[in-house]
Each structure stands twice: as structure tokens, then as C-alpha cells.
Amino acid sequence: MTDHLPAALRALWHELPLLAAAGVLVCTASGLVVLLMPGVSPGSVLLSALLVGPVWAALVATTDSVVRDGRGGVLVMLRNVRRCGLAGLEVSAVPAVVGALALLNWTLYSSPLFLVPLAVSGCATVLTSLAACYAFSLRVTTGLRGRQLWFTSLALVARAPAVPLGIVALAFVALMLGTSLTASLLLLAPGPVALFASAGTWTVYRTENHALHR
């Protein structure tokens, strides 16, 4: 088994220009979403998938390269924006559509009859969001797609839920600190979050493959 966490920790210092550029790109895309559709709504969730998903996929493809091969850099990430944009949209669209349906069910909730679709869509949103923490790396680096991509990602969530939960928690803490203390902290968050997502994904994925082929 290969633990990619040490490579991610080293990259926090060695890839500072990449992390800074990543923060600018992701926060710019997120800022456009807030500017065009402020608040949390089905429309803003779908717009986030359209604008942030491709940029996040490019960043994850770059951090995958960093933790797996030791190769990164700002130019690599910029090339990945064009190379991985469509793949990022494919991945982000799944939890975004499910999440938009959950929000729509929430706004329509007016009687116990709506409880079942609300519960189903809510659970599906949580599962697809956690699976997306694995799915971005698997899509842009291994080329998995469609049903195989999401089945594999959900299997990894079942095997190691601590990885996506930790990634979500790290992103949430960064968001809270950025909104309560200083917005400049938001610029520092995307790069490290992507690095740890890549490290966790490839550590768990290789462990899973090793277990299957023993």
C-alpha cells in the first residue's frame, strides 16, 4: 500500500504558487456564482456545477499528478482547465442535479406526503456529494465515467467514509473561518483541500485494488 499523505504535506510548501493560483481560480468561479445567483437555491447549485466543477476538476487533476508523480505547477493546472473542463462538468452535474431536486422538494414540502421524496433526495445528495470527493480524481486521472465511475466511488465511500467526510469538514471549516474572520483565508483553502482529496483517493483506491487482487 502507498500512502500519498506525505507527498500532499510536502506539496503544501513546495507547490505554494500552484496553491495560490488554485485559490484565485476556484474563488473567482465561486464568486461569479454568488454574484449571479446569491443564496442557496436549485439554480445556484446548478450554476455552481457549471462554473466551479470544471475548475475544480483541473485543480484535482493537477494535485493528482503532484501526489502520484511529484509533478505540478501553475502551467500544468492551466492546461488542465481546458483538458478536464468537460469531465469536471460531468462529475459535478450529478450531485448538483440531485441537490437541486432536494432543494426543490424542500421548498414544495407542505404535508407528510412530501416527506418520502424529500428524504430520498436528501440522502442521495449526501451520498453523491461524498462520492464526488473520489469521483473527480477517478474521472480525470483514470478515465472512469458513467455508471462505473459512480459505482466505484460509492464503493470507496463505503470502504473509507472518513476520507470524504474529512475533506468536507476541512472545506467547511475553511469556509466558516473565511466568512467569520477574513475572506483572504478562502483563497488558501482550495489547494490544500484538493491535495488531501487526491492523497486520500489514491491511498484508498490502491488499497482497494490490492485487496481485490490478493
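Between PHE172 and ALA119, the contour length at 0.36 nm per residue exceeds the Cα-Cα span by 16.8 nm. For the stretch 141-202 versus the stretch 25-96, the inter-centroid distance based on Cα atoms is 12 Å. Once Cα extents along the principal axes in Å is calculated for the structure shown, the corresponding label among (1) 51, 33, 31; (2) 54, 46, 31; (3) 105, 38, 37 turns out to be (2). Candidate membrane-span-like segments in the chain, meaning DSSP H helices with Cα atoms spread over at least 24 Å of their own axis and a Kyte-Doolittle mean of 0.5 or above, are 16-36, 42-69, 74-108, 115-137, 162-180, with no membrane implied. Mark the label point 7 Å from the Cα of LEU154 along Cα→Cβ and return the residues of the stretch 82-98 whose backbone N is within less than 18 Å of it. Those under the cut-off are 91-98.
Ignoring everything except DSSP H segments at least 4 long, calculate the 222 nm mean residue ellipticity for the chain; use -39,500 (n - 2.57) per segment, divide by total residues, nearest 500.
Details: 9 runs with 179 residues, N = 214.
The helix-only estimate for the chain comes to -29000 deg cm²/dmol at 222 nm.
For the chain, a Gaussian network of Cα nodes joined below 10 Å ranks ARG147, ARG71, ARG159 by mean-square fluctuation, and the top entry is ARG147.
Once C-alpha pairs closer than 8 Å and six or more residues apart are averaged by separation and normalised to the residue number of the chain, the relative contact order reads 29 percent. Protection proxy ranking of 61-69, 12-20, by the mean of other Cβ atoms within 10 Å over each peptide's residues and highest first, is 61-69, 12-20.
Which residue, GLY122, GLY72, GLY85, has the most motion in a Gaussian network model of the chain that connects Cα atoms within less than 10 Å? Evaluated over the chain, the most mobile residue of the options is GLY122. Summing Cβ point charges (Lys, Arg +1; Asp, Glu -1) relative to the Cα centre of the chain gives a dipole of roughly 420 debye.
In terms of accessible area, using a 1.4 Å probe and ignoring ligands and nucleic acids, MET176, MET77 rank largest first as MET176, MET77.
Farthest toward the positive end of the dipole of the chain, out of LEU177, GLY200, VAL66, is the Cα of VAL66, where the dipole comes from beta carbon charges about the Cα centre. Pick from ALA21, ALA57, ALA169: which residue has the top mean-square fluctuation in a GNM of the chain where Cα pairs under 10 Å get a spring? Of the options given, ALA169 has the highest mean-square fluctuation. When the charge dipole of the chain is built from unit charges on Cβ atoms (+1 for Lys and Arg, -1 for Asp and Glu) and taken about the Cα centre, the candidate among PRO112, ALA57, LEU101 whose Cα reaches farthest toward its positive end is ALA57.
Compared with the direct C-alpha span, the chain from ARG83 to VAL34 gains 15.1 nm at full extension, assuming 0.36 nm per residue. Note that the chain presents 53 Å² accessible area per residue, ligands and nucleic acids not counted, probe 1.4 Å.
The values are calculated or read from the model by the stated rules, or taken from the named source; none is laboratory data. Quick caveat: nothing in here was measured; it's all calculated off a predicted structure. Please note: Cβ atoms are built from the backbone with ideal geometry, for glycine as well, and neighbour counts cover all protein chains shown. For the accessible areas, the whole protein counts, side chains as well, though only heavy atoms, and no ligand, DNA or RNA atoms are used. Shrake-Rupley method; radii C 1.70, N 1.55, O 1.52, S 1.80 Å.
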